[in-house]
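Undergrad: I have a structure here, written as structure tokens, and I will follow up with some questions on it.
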Amino acid sequence: MKAYFTLLRPFTLLAPAIGIMSGSFVAWGVGYKSFSDPWWWILCKILLGGFTGAILNGASNALNQIYDYKIDCINKPQRPLPSGKITLKSAWIVSIALYILSILIAISLSYEFAIMVFIAAFCTLIYSMPPLRTKRYWWSATMTIVIPRGLLMKVAGWGILLPIWYVEAWYIGLIFALFLLGATSTKDYADMEGDKHGDCITLPIAFGVTKSAWLISPSFIIPFLLFPLGVYLEVLHGNAYVLVFLGISLCLWGSYVVYLILRDPHSLTTTENHPSWQHMYLMMIYAQTILGFAYFI
């Protein structure tokens, strides 16, 4: 069971779960007076939405490891598939079962949420599977991560409770998309050797370690300026003080991550989970949690 748990990469499941729930709490705060359902029923829907995001990400992680088997034999031989702890057939069963379960739950919650989940699932499929396998090129790989896990995640959570055609939902999604536009590439540096053998041209392979490190750095700071800007433009309707604090604190945190990256870019290639990658996930969880709080108080 530990091997199957590892296959799903549990640490990565928190961000999509909290991200969707955060989007739902934002929608709850915006449309609070219009809801007739009891609070406990709304909360159940939000929790189910978060669970859907987590298991969809788990399905995607399993599928990615299936198609990255040869690459992981070089980069991460300790993982369940290369180490032989789990067979490819078993990984397929887990992945397909989680994909089906996530879609069924999404349909039961709302059709707008289901649409977002369908799009996200499709992006995860083309990311890993031939013939498209967008992972092979840095630009297509980035977009198929940024769209579902950045832009659409907040909109999906919003869509559980409210119609998705609100500027506010897409504005918030844009902030996280711009963050992931650069931050998502932090995982590629330690995998360069295996990616070359797998014909995957990631950002550090395409532009070199140092140049690519400079390219991704602005994404850790600039997107979060949109929080105070959104308050000023009255696009965001959460607690203004909390949202401004969130933007400033993330800019400061992002500046520290940029320092970690640029002081020695080549250190990115020597550690499987470089501190910048860990900070990226922690920043996502922090931003989503505080954002939901800003609309709920």
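Undergrad: Looking at (1) crowded, with 21+ Cβ neighbours inside 10 Å; (2) of a type in the set (V, I, T); (3) at pLDDT 95 or above, which is the only condition T186 fails?
TA: Condition (3) is where T186 drops out.
Undergrad: I've got another one for you. Would you confirm whether or not the stretch 74-87 contains a residue that is part of a helix (DSSP H, G or I), out of contact with any His (no Cβ under 8 Å at 6 or more places or on another chain) and among the charged types (D, E, K, R)?
TA: No; the residues of the stretch 74-87 include none that is part of a helix (DSSP H, G or I), out of contact with any His (no Cβ under 8 Å at 6 or more places or on another chain) and among the charged types (D, E, K, R).
Undergrad: Looking at (1) surrounded by fewer than 18 Cβ atoms within 10 Å (Cβ to Cβ); (2) modelled with pLDDT under 90, can you tell me which one I71 breaks?
TA: Exception for I71: condition (1).
Undergrad: Applying the selection to the stretch 231-244, what residues are free of Cβ contacts under 8 Å to residues at least 12 places away in the same chain and assigned to a helix (DSSP H, G or I)?
TA: Y232, A240, Y241
Undergrad: Tally time: how many residues in the stretch 183-195 are within 11 Å of I145 (Cα to Cα) and either of a type in the set (A, V, I, L, M) or without any contact (Cβ under 8 Å) to a residue 60 or more places away in the chain (or both)?
TA: Selection size over the stretch 183-195: 2.
Undergrad: Having 1 or more residues that are of a type in the set (A, V, I, L, M) and touching a Ser or Thr at 6+ places or on another chain (Cβ under 7 Å) is the bar; report the helices (runs of 4 or more DSSP H) wholly within the stretch 109-189 that clear it.
TA: 111-128, 138-146, 167-183
Undergrad: Of the residues that make up the stretch 219-230, is at least one within 26 Å of I42 (Cβ to Cβ), touching a residue at least 24 places away in the same chain (Cβ under 8 Å) and of a type in the set (G, A, S)?
TA: yes
Undergrad: Against the condition without any contact (Cβ under 8 Å) to a residue 60 or more places away in the chain and within 22 Å of the chain's Cα centre (by Cα), how does L63 come out, does it pass?
TA: Taking the combined requirement at face value, the residue does not satisfy it.
The values are calculated or read from the model by the stated rules, or taken from the named source; none is laboratory data. Treat the numbers as computed from the prediction; the structure is a model and nothing was measured. Here Cβ is always computed from backbone atoms with ideal geometry, including for glycine, and neighbour counts include all displayed protein chains.
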